[in-house]
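Asks: Input: one structure, supplied below.
The values are calculated or read from the model by the stated rules, or taken from the named source; none is laboratory data. Everything numeric here is computed off the predicted structure, so don't read it as measured data. We place every Cβ from the backbone using ideal geometry, glycine too, and count neighbours over all the protein chains shown. For the accessible areas, the whole protein counts, side chains as well, though only heavy atoms, and no ligand, DNA or RNA atoms are used. Shrake-Rupley method; radii C 1.70, N 1.55, O 1.52, S 1.80 Å.
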Amino acid sequence: LTSNRTQHDIARNFFDILNGSHTWSTGGSNDHEHWHAPHQLGDDLDGQTEESCTTYNVLKVARHLLQWTGDAHLGDFYERALLNGLVGNQNQHLNGDGGSFIYMLPLGGGGLRKPWSSAVNGNFPCCWGTLSETFAKLGD
């Protein structure tokens, strides 16, 4: 955190655009690892929504903004996105292998299931690092 007003304004503008036109009620904000046209979220509901790394990084922005401003709305967003998009992405009891994470949180409705992954058989998605760090930071 710095006292640089320009950096604050850039971060706030990004967060406001994202949260105002690209974010679902869960706090997640993307489909197939990128953002589509604003205010068209219904067009993007499928099995590849809400990448956990994106949620992780947006939470970092929200956390800094919250520390800068003390805005309670940012705290509400942080809680919603953390619980829905990250904490809900862990399954400690899958296949008895010590736990698994998901890469995407499918929001597309009927018949979609969370695509659990595990390190068994060499399946190690990139988001495991950020998700592991998230769980380590829960005491913050």
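Asks: What FRET efficiency would be calculated for the residue pair Leu138, Ala72, taking the C-beta separation as r and a Förster radius of 25 Å, to the nearest 0.05?
Replies: Calculated value: 0.75.
Asks: Each residue of region 24-38 in turn: what ³J(HN,Hα) in whole Hz from Karplus with 6.51, -1.76, 1.60 and θ = phi - 60°, glycine and Pro shown as x?
Replies: 7, 4, 6, x, x, 9, 9, 9, 6, 6, 7, 9, 9, 4, x
Asks: Follow-up question, since we're still on this one. So what is the diffusion coefficient of region 6-47 in µm² per second by Stokes-Einstein at 25 °C and 0.890 mPa s, using a Kirkwood Rh over Cα pairs?
Replies: In µm²/s, the coefficient is 224.
Asks: Right, another one. By how many nm would the segment from Gln7 to Arg80 lengthen if fully extended, with 0.36 nm per residue of separation less the alpha-carbon distance?
Replies: Result for the pair: 23.8 nm of gain on full extension.
Asks: Would you give the gap between the C-alpha center of region 1-27 and the C-alpha center of region 29-76, rounded to a whole Å?
Replies: Each part reduced to its Cα centre gives a spacing of 10 Å.
Asks: How would Phe135, Phe15 rank on accessible area, largest to smallest, probe 1.4 Å?
Replies: Largest accessible area first, the list is Phe135, Phe15.
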